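Asks: Structure provided below as structure tokens; questions to follow.
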Amino acid sequence: MKITNVDVSFEIAPPRARQIRDALQLLDGGGTVRVRIEAQDGLAGVVAGTSSTGFGRLRGAPAVLAQLIRDELVPEVLGEDPFLIRRIRDKLWRLTDYHGTTGLALLGISAIDIALWDLVGHALKQPVWRLLGAARDRMPAYAMVGWLNFSIEELKPIAEKAAEQGFKGVKMKVGCPTLEEDVARIGAVRSIIGADMKLMVDANQVFSLPEALIRGRVYQELGCFWFEEPLRADDHAGLAELADKLDIRIASGENDFGVRQFRDLFERRAVDIVQPDLRRAGGATECLDIAAMANAFDIAYASHGGGAHLHLLAAMPNAIYMESGYLPEGKKLVDGCIPLPEEPGFSQPKW
Ligand SMILES: [Mg+2]
């Protein structure tokens, strides 16, 4: 089988009706880059796989990424066998090394990698999770619904809706100007979800080490399940110190790039839970490698976001959660889990 065509397109998102904010940034809408890879052989005809890379902000970025994929990566992919995904991935890493393989280059490699796995699923008429040798047939999910710009009165019905949809865990942002505000907001959400549901807190990299120590001790007293991105993502030494000094689980990884950055995170024992982002980590292949390495360090894996990640999580023995938003109206998880779809490629559940 040979790759015969790659289409790259992008769209810019309209401004969000309701702005959302975390402690670091305003997510006011960015756009999406779509990649469609076609391959052909004599018997099967044309088979296609797709990927879509979303941006929560930076409206100019989709155009830049689309050009990088089109001008740099696509010429190296055409003519390759789509089943040799790791060969293609390694070729693209070497190609982009001159200007750095991380950042947008890795988002581009990831977009190609995800489309290739999707294509292989369609060629073999199987969902990707089945091709990978799954560790489970459903995936526990939690709801990230507690944005920092929502008032306490807004947070309560939000938490209630997550519980009604069957989620057994809810995540909310922290990092208000004062710890007292964080505590009041955590208390309000806890009063709605009760003691049995898990409550995760996410600081989006904004604390100094001393501030993270002070706040982390309070979050752990409040029974929070994990403390996410307490420090800058690249401060692996600081994260290691925090993980050593606090009992609460330290979670990070959505802003780390590529397997070698994750190796450093694990060697330093800087996280208890690793949270790769499919785009930034480098795609499906890279996330599978990161999960296997984490497993050897007894580190749990909880994805940043869902989508195609659902299939990968199913194949990771150390995966504990998929991050999700709300389900479509009227839908409900069963035992807090998302079922695995049966359709080929990176198919999504039909709610
Ligand atoms: Mg986060």
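The values are calculated or read from the model by the stated rules, or taken from the named source; none is laboratory data. Values in this document were obtained by computation on a predicted structure and should not be read as measured data. Please note: Cβ atoms are built from the backbone with ideal geometry, for glycine as well, and neighbour counts cover all protein chains shown. The protein model used for the area step is the full one, side chains on, heavy atoms only, and it has no ligands, DNA or RNA in it. Shrake-Rupley method; radii C 1.70, N 1.55, O 1.52, S 1.80 Å.
Asks: Please list, ordered by residue number, the helices (runs of 4 or more DSSP H) wholly in segment 258-351 having 2 or more residues that are closer than 30 Å to ASP196 by Cα.
Replies: Filter on segment 258-351 gives 284-296, 309-314.
Asks: Can you tell me which residue in segment 240-259 is nearest to the ligand (Cβ to nearest atom), limited to those that are among the β-branched types (Val, Ile, Thr) and touching a Phe, Trp or Tyr at 6+ places or on another chain (Cβ under 7 Å)?
Replies: ILE250
Asks: May I ask you to say which residue of ASP113, ASP118, ASP97, ASP81 is in a helix (DSSP H, G or I), at pLDDT 95 or above and open to solvent by 40 Å² or more (accessible area, probe 1.4 Å)?
Replies: Result of the check over ASP113, ASP118, ASP97, ASP81: ASP97.
Asks: Could you list all residues from segment 198-223 that are part of a strand (DSSP E or B) and away from the ligand (no atom under 13 Å from the Cβ)?
Replies: Of everything in segment 198-223, those that are part of a strand (DSSP E or B) and away from the ligand (no atom under 13 Å from the Cβ) turn out to be LYS198, LEU199.
Asks: Hey, another quick one. For segment 281-289, state whether one or more residues are β-branched (Val, Ile, Thr), modelled with pLDDT of 95 or more, more than 15 Å from the ligand (Cβ to nearest atom) and surrounded by 18 or more Cβ atoms within 10 Å (Cβ to Cβ).
Replies: Scanning segment 281-289 turns up at least one residue that is β-branched (Val, Ile, Thr), modelled with pLDDT of 95 or more, more than 15 Å from the ligand (Cβ to nearest atom) and surrounded by 18 or more Cβ atoms within 10 Å (Cβ to Cβ).
Asks: Can you pull out every residue in segment 148-164 that is closer than 14 Å to ILE192 by Cα and of a type outside the set (Lys, Arg)?
Replies: Selection gives ILE152, GLU153, GLU154, LEU155, PRO157, ILE158, ALA159, GLU160, ALA162, ALA163, GLU164.
Asks: A further question follows. Against the definition (open to solvent by less than 50 Å² (accessible area, probe 1.4 Å), among the hydroxyl-bearing types (Ser, Thr, Tyr) and touching a residue at least 24 places away in the same chain (Cβ under 8 Å)), how does TYR301 come out, yes or no?
Replies: Considered against the rule, which asks whether it is open to solvent by less than 50 Å² (accessible area, probe 1.4 Å), among the hydroxyl-bearing types (Ser, Thr, Tyr) and touching a residue at least 24 places away in the same chain (Cβ under 8 Å), TYR301 comes out as yes.
Asks: Those residues that are open to solvent by 70 Å² or more (accessible area, probe 1.4 Å) and in contact (Cβ under 8 Å) with a residue 12 or more places away in the chain, I need them from segment 1-29; list them, please.
Replies: If the condition is that a residue be open to solvent by 70 Å² or more (accessible area, probe 1.4 Å) and in contact (Cβ under 8 Å) with a residue 12 or more places away in the chain, then LYS2, ASP7, PHE10, GLU11, ILE12, PRO14, PRO15, ARG16, GLN19, ARG21, LEU24 are the ones that fit.
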